[in-house]
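Chemist: Got a structure for you, written out below as structure tokens; questions coming shortly.
Read-outs throughout are calculated quantities, based only on the coordinates presented, and are distinct from any laboratory measurement. Note that the structure is a prediction, hence the values are computed from the model and not measured. FYI the Cβ positions are ideal-geometry reconstructions off the backbone, even for glycines, and counts take in every protein chain you see.
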Amino acid sequence: MNLPTVTILCSSYNSSRWIEGYCRSVNAQLLKSFKLVFVDAASTDDSLRKFRAFSFREGIEVTLIECKSIIPIYQAWNMAIEASATDYCMNINTDDRVYPAGLLSMMTYAAAFPDIDIFYSRCFVVADPDHRKIVNLFDWPEYSHEMLLKMCICGPFPLLKRASVIEAGMFDPQYTIAGDYDLWLRMSKLGYRFRKVPEAIGSFYFNPVGRCVDKSLEPEKLGQEAAIKDKYQ
């Protein structure tokens, strides 16, 4: 089976704690060849130095975009999508991990179901930054627009058909926390197709200072989500 092409997207800001583990995780992917677009949003720690020093294996084509000032995460994702030029793309955050067979598994689904625009998978939840202590399983419901209005079921590392994301208008940078939820609901309302993958392809770190977990950001997050739901009822 000939598999479509894919790019891993990553936005990084002061990710020194996770960058080496992240690079090792990307390097361990069983998919023979893919691209990685890494956007550094003007980090002030040594994460960019660590990324540059890492030696990726043959078959991984790396593009590094260095921003001169801090930019919003969804603007960084848009920059990475524009630079990717592959059939599909998948965002993987520096503090999350996709298992070695994860990318290959998702691309096999993409080849088998070429009419699907967004694939999302189950994933484990870990309580430690080294991804050794599994505490939960995100087993998302099957897709429907009504279900998507109840919860953001597409995280944390969905596989996106690049042309469809561009056609739908990309991520809206006005949202600082829920821009991904806005895009999924917009694409759902426009009739793009979603499919759940039953395998758990990786693990999500329940990072207490992460944008979607940080309690201090919860009022902003809930406000954005409420406004987004109102738009796409």
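Chemist: Once you charge only the Cβ atoms, +1 for Lys and Arg and -1 for Asp and Glu, what is the size of the charge dipole of the chain about its Cα centre, to the nearest 20 debye? Intermediate results must be reported in sequence, preceding the final value.
Modeler: Details: 26 positive and 28 negative charges, 61 e Å.
For the chain, the charge dipole is close to 300 debye.
Chemist: Among DSSP beta bridges whose residues both lie in region 112-233, state the antiparallel percentage, nearest 5. Numbers along the way, then the final one.
Modeler: Values: 6 of 14 bridges.
Given both bridge residues lie in region 112-233, the antiparallel proportion sits at roughly 45 percent.
Chemist: Now for a different question. Tell me which residues come under 5 Å, amide H to amide H, from residue 65 once H is placed; ignore anything under 5 positions away on its chain.
Modeler: The answer is 38, 39, 40.
Chemist: Using modelled backbone amide H atoms (1.01 Å from N, in-plane), which distant-in-sequence or interchain residues come within less than 5 Å of residue 157's amide H?
Modeler: 121
Chemist: Sticking with this structure for a sec: Quick one: compute the contact order of region 1-77, relative version, from alpha carbon pairs under 8 angstrom and 6+ residues apart, as a percent.
Modeler: For region 1-77, the relative contact order is 39 percent.
Chemist: Sequence gap at least 6, Cα distance under 8 Å: using those rules, report the relative contact order of the chain to the nearest whole percent.
Modeler: 23
Chemist: How big, in percent, is the set of alpha carbon pairs in the chain lying more than 28 Å apart?
Modeler: In whole percent, the long-distance tail amounts to 25.
Chemist: Within a 10 angstrom radius of the beta carbon, how do 145, 131 rank from fewest other beta carbons to most?
Modeler: 145, 131
Chemist: Continuing with this model, one more query. Which of the aspartates and glutamates could a cross-linker span from residue 221 if the Cα-Cα distance has to be under 17 Å and same-chain partners fewer than 8 positions apart are dropped?
Modeler: 172, 180, 182, 230
Chemist: May I ask which of 32/150; 133/231; 35/196; 32/189 have a Cα-Cα span longer than 29 Å here?
Modeler: In this structure, 32/150; 133/231; 32/189 exceed 29 Å between Cα atoms.
Chemist: Taking every pair of Cα atoms in region 54-119, average 1/r, invert it to obtain the Kirkwood radius, and report Rg/Rh to two decimals.
Modeler: Ratio value, two decimals: 0.98.
Chemist: Using a ≥ b ≥ c from the Cα gyration tensor of region 9-85 (square roots of the eigenvalues), is it rounded, prolate or oblate, where a/c under 1.5 gives rounded and otherwise the larger of a/b and b/c decides, a/b for prolate?
Modeler: Note, shape of region 9-85 comes out oblate.
Chemist: Using helices alone, what [θ] at 222 nm do you get for the chain, with -39,500 (n - 2.57) per DSSP H run of 4 or more residues, divided over all residues and rounded to the nearest 500?
Modeler: -10000 deg cm²/dmol
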